[in-house]
Each structure stands twice: as C-alpha cells, then as structure tokens.
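Every read-out reported here was derived from the displayed coordinates using simple, explicitly stated rules and does not represent laboratory data. Source: prediction; values computed, not measured. For neighbour counting, all protein chains shown are included, and Cβ atoms are generated from backbone atoms with ideal geometry for every residue, glycine included.
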Amino acid sequence: MRPRGIAFAVEAMANLGYADELVFRRIERVILAKIDEFIPHYVVKVLQAYYRSGQGSGELYDQLILKLREAMRSEGSLKYSDLLKFFEIYPEVSYIYENTMTSEMYEQFVETVNPLMKDKKFPTEDVCRVFNILIRISPYYFDVSDRL
C-alpha cells in the first residue's frame with residue numbers, strides 16, 4: 001500500500017469508530033516502515049486518526065511528530081490547514097510536547113499564520129482555531145513581537 005492509501009484507510013477507520021487494536025498495530029508497523037515516503041499532509045492525517053481513535057504507540061507518535069517538525073523547518077512543505085491540525089493535537093501528546101516544544105516553534109507558527117490572519121477571506125472558524133492554539137502554546141512565547 002502507498003502512503004496515501006494508508007493515510008486514508010486509517011482516517012476512515014477512525015471516522016467509523018473502528019477500534020480493533022490489532023489492526024491498528026499492524027498498520028502502525030507499516031507506517032513506521034514507510035514513514036520516509038509520507039508527505040506532511042498524510043502524516044497529519046495519520047496523526048489525527050490515531051489520536052482520535054486512542055490508538056498508537058509512543059514510537060509512532062514520536063516518528064510522526066518528528067516528521068512534521070522537520071516539515072515545519074522547510075518553508076512551504078506544510079499547508080496552513082495541516083499546521084493547525086498538528087498544533088491542535090501536538091499539546092495533547094504531553095510527554096513529547098513538554099520535551100520538544102520551543103519558542104522557535106511558537107515563533108514559526110505565528111509567522112506562518114500571521115499573513116493568513118490579516119487576509120479578510122480567512123475563515124472565522126480557522127481564526128478561532130488559531131486563537132485556541134495560541135492560548136495553548138502561549139507558555140512558549142518569548143520576546144516575539146506583537147505580530148497578530
């Protein structure tokens with residue numbers, strides 16, 4: 001199976017409330033074996049699906065979050081909608097979040113969403129999501145000038 005198919009299969013299982021732990025573990029092994037083939041969009045889909053279904057090992061979350069943090073460093077590789085989804089889940093994986101969240105990630109998030117927030121066509125729902133995320137990650141605010 002290709003990464004796209006895996007991502008959509010896991011997402012469908014989560015959406016349907018499928019909770020067979022054995023199946024999720026088998027798919028997890030496939031994901032970990034092919035993690036380098038996943039584009040950031042599919043990584044976010046997998047992360048969101050595993051989180052929603054309450055499945056996944058620490059290793060899976062480590063690898064998915066690492067892959068997304070790498071994507072954040074290269075400009076343009078992570079769509080704003082995927083960035084929002086990532087930051088909605090990231091603080092919930094507390095043992096990883098507490099050890100990996102930095103002021104640089106906070107600043108990168110602000111720099112990414114700032115131009116979008118100034119756009120009059122930015123959806124109100126996404127504005128609310130951004131403010132919710134900013135409140136949750138605010139302890140990592142260090143000398144970032146008022147950009148919003």
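For segment 94-104, backbone phi angles converted through the Karplus equation (6.51, -1.76, 1.60; θ = phi - 60°) give residue-by-residue couplings of 4, 5, 7, 4, 5, 9, 10, 5, 9, 5, 5 Hz, Gly and Pro being listed as x.
Taking the helices alone, the chain has a mean residue ellipticity at 222 nm of -22500 deg cm²/dmol, built from -39,500 (n - 2.57) per DSSP H run of at least 4 residues and averaged over all its residues.
Taking a ≥ b ≥ c as the square roots of the eigenvalues of the alpha carbon gyration tensor, the chain is prolate, as a/c is not under 1.5 and a/b beats b/c.
Taking the longest Cα principal axis of the chain as reference, the axis of helix 3-15 is set at about 90 degrees. Model label sites at GLU21 and GLU104, defined 7 Å from Cα along the beta-carbon direction, differ in position by 3.8 nm. Fully extending the segment from GLU37 to GLU59, taken as 0.36 nm per residue of separation minus the present Cα-Cα distance, adds 6.2 nm. Taking every lysine pair in segment 3-140 that is 8 or more places apart or spans two chains, those with Cα atoms closer than 21 Å amount to 12. The spacing between segment 22-45 and segment 85-145, judged by their C-alpha centroids, is 25 Å.
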